[in-house]
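Colleague: Sharing a structure below in structure tokens format, with a few things to ask.
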């Protein structure tokens with residue numbers, strides 16, 4: 001197998017982590033919407049934790065992209 005082909009395969013596999021991140025972001029916001037729909041008064045208490053969860057899940061996607069770029073260009 002050519003080294004360049006192996007790089008492309010490795011980068012493609014590294015980007016698969018973005019799929020899990022997308023699922024995680026969907027879960028975070030669906031839970032937020034459900035919580036606010038059940039108790040609108042709790043929106044102020046739930047929103048900061050929702051944004052924290054979103055940021056942590058989004059960081060996983062960024063790490064996956066950085067790993068893919070490192071595999072491609074290093």
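Just so you know, all these numbers are worked out from the coordinates, no wet-lab data involved. In this text the structure is predicted, and so the values were computed from the model without any measurement. Glycine also receives a Cβ, built like all others from the backbone with ideal geometry; neighbour counts cover every protein chain displayed.
Colleague: For a quick check, take a GNM of the chain with Cα springs below 10 Å and name the residue from 61, 11, 37 with the largest mean-square fluctuation.
Modeller: In this elastic network of the chain, the residue with the biggest mean-square fluctuation among 61, 11, 37 is 37.
Colleague: Could you work out how much longer the chain between residue 47 and residue 27 gets when fully extended? Use 0.36 nm per residue separation minus the Cα distance between them, nm to one decimal.
Modeller: Between residue 47 and residue 27, full extension yields 5.8 nm more.
Colleague: If I model a spin label as a point 7 Å beyond the Cα along the Cα-Cβ vector, how far apart are those points for residue 60 and residue 38 in nm?
Modeller: That separation, rounded to one decimal, is 2.2 nm.
Colleague: Going 7 Å from the Cα of residue 1 along its beta-carbon direction, which residues of the range 43-74 have the amide nitrogen within less than 19 Å of the resulting point?
Modeller: Zone members listed by number: 67-74.
Colleague: So for the range 3-73, averaging the separation of alpha carbon pairs under 8 Å that are six or more residues apart and normalising by length, what relative contact order in percent results?
Modeller: 55 percent
Colleague: Rank these for me by crowding, 73, 32, 8, going from fewest to most other beta carbons within 10 Å.
Modeller: If I rank by nearby Cβ atoms, fewest first, I get 73, 8, 32.
Colleague: Given the -39500 (n - 2.57) contribution per DSSP H run of 4+ residues, what per-residue ellipticity at 222 nm results for the chain, rounded to the nearest 500 deg cm²/dmol?
Modeller: Calculated at 222 nm, the ellipticity per residue is -30500 deg cm²/dmol.
Colleague: Additional query: Rg and Dmax in Å for the range 3-73, alpha carbons only: what are they?
Modeller: 16.7, 57
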